[in-house]
Amino acid sequence: MAIEAKAGFLNRIEQAIAENVTAAAMPKILAKIADLMELYEIRERPQEETTGPDCDMLKAFLDAMRVKGLSKKTLYRYEYVIGKLLKDVQVSCRQITVHHLRDWLAKEQARGLALSTLDGDRQVFSTFFGWLYREGLIERSPTLNLAPIKVPKKKKKIFTDVELDRLHRAAAGNLRDTAIISFLESSACRVSELCELNKDCVDLERGEVIVHGKGDKERLVMLSEVAVDQLRTYLKSRRDWNEALFLSEKKEKRLEPGGVRVMLNRVAALAGVEHVHPHKFRRTWATNAARHGMPIHQISALLGHEKIDTTMKYVILNDNDLRNSYRKYA
């Protein structure tokens, strides 16, 4: 799916439904639509090419980030957020000041956008204008005095053993769905990594998988014996020649991240489990590994994190964990 076509299409959707949807609900609706769009190939109809300094700067920035190895999802976010800013402020990149950015963020906040979303937009601006400055395209970055937005910390949750058991029971009977849930639970892979895997990436005898994470970095992850058995059963049931490890429900093409989320929502409804999404499996695995004594640097390596600080955000420790650790080590 072309990033530019996807970004443009979502922009048009937002404009079309803006009058009938609250600002707070808009990001969630667009995110759901974006997930569903992953199941389809969308290309923009050829038209007269738009030119101009700002378009050239944005295109050059996206090209540089693409060469750098950023994911399609990140490139799409840059395209969408920066494009929206330039359209709203109606000022050249060279003339945008910190006051334009603050005013834009304030208006977005007034529309009901979450502080976390606004701070994410601020980081996008910082990356974009910082790159323009380093390339000599602007004299000074307007984000230098744009302070981070303080976001209240919410306590994130992990799956309980009971919830995981309910999900497995609800998926029972569907070999693919059962294999996917066990794969996510034991490997702690990102959903994008799971969908990009081919059958030859998996060593079922060793229970090992070679995945390509962010920045196309290769790493080794492990599978539990249960996950290996369920994956082997699923693969034996297939009668196709597709190289993809997991296929869509119609078994015509590679499974996309949006398809995984749709499946998990369906299974979650049957299981009566709330807030089920792929990333929660990573957080659950990291927390359980830490509780069982795995060193944090090993957890970080298996998750594919460059910084241990990132891994620490995944480990959810409750009061009982702290009490037990205190009694063990103090």
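The values are calculated or read from the model by the stated rules, or taken from the named source; none is laboratory data. Note that this is a predicted model, so its numbers are computed, not measured. Note that we place each Cβ from the backbone using ideal geometry, even for glycine, and neighbour counts take in every protein chain shown.
Here are the numbers:
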quantity	calculated
Restricting the stretch 122-140 to residues that are touching a Lys or Arg at 6+ places or on another chain (Cβ under 9 Å) and not in a helix (DSSP H, G or I), the residue that is farthest from residue 63 (Cα to Cα)	139
Residue ID - farthest from residue 57 (Cα to Cα), chosen from residues in the stretch 151-165 that are modelled with pLDDT of 90 or more and part of a loop (DSSP other than H, G, I, E, B)	160
Check on residue 62, under 20 Å from the mean Cα position of the chain (by Cα), in a helix (DSSP H, G or I), more than 28 Å from residue 129 (Cα to Cα) and modelled with pLDDT of 65 or more	no
Selection status of residue 7, within 21 Å of residue 126 (Cβ to Cβ), out of contact with any Ser or Thr (no Cβ under 6 Å at 6 or more places or on another chain), modelled with pLDDT under 90 and not charged (D, E, K, R)	yes
Residue that is assigned to a loop (DSSP other than H, G, I, E, B) and either β-branched (Val, Ile, Thr) or buried (at least 21 other Cβ atoms within 10 Å of the Cβ) (or both), where the choices are 195, 189	189
Residue satisfying all of: in the stretch 140-173; in contact (Cβ under 8 Å) with a residue 24 or more places away in the chain and exposed (fewer than 11 other Cβ atoms within 10 Å of the Cβ); farthest from residue 264 (Cα to Cα) among these	148
Which numbered condition residue 220 misses (of (1) outside any loop (DSSP other than H, G, I, E, B); (2) out of contact with any strand residue (DSSP E or B) (no Cβ under 8 Å at 6 or more places or on another chain); (3) surrounded by fewer than 19 Cβ atoms within 10 Å (Cβ to Cβ))	(2)
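Residue-wise test of (1) crowded, with 16+ Cβ neighbours inside 10 Å; (2) basic (Lys, Arg); (3) in the same structural domain as residue 196 (by TED's automatic domain parsing); (4) more than 30 Å from residue 218 (Cα to Cα).
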residue: 85; (1), (2), (3), (4): yes, no, no, yes
residue: 94; (1), (2), (3), (4): no, yes, no, yes
residue: 97; (1), (2), (3), (4): no, no, no, yes
residue: 101; (1), (2), (3), (4): yes, no, no, yes
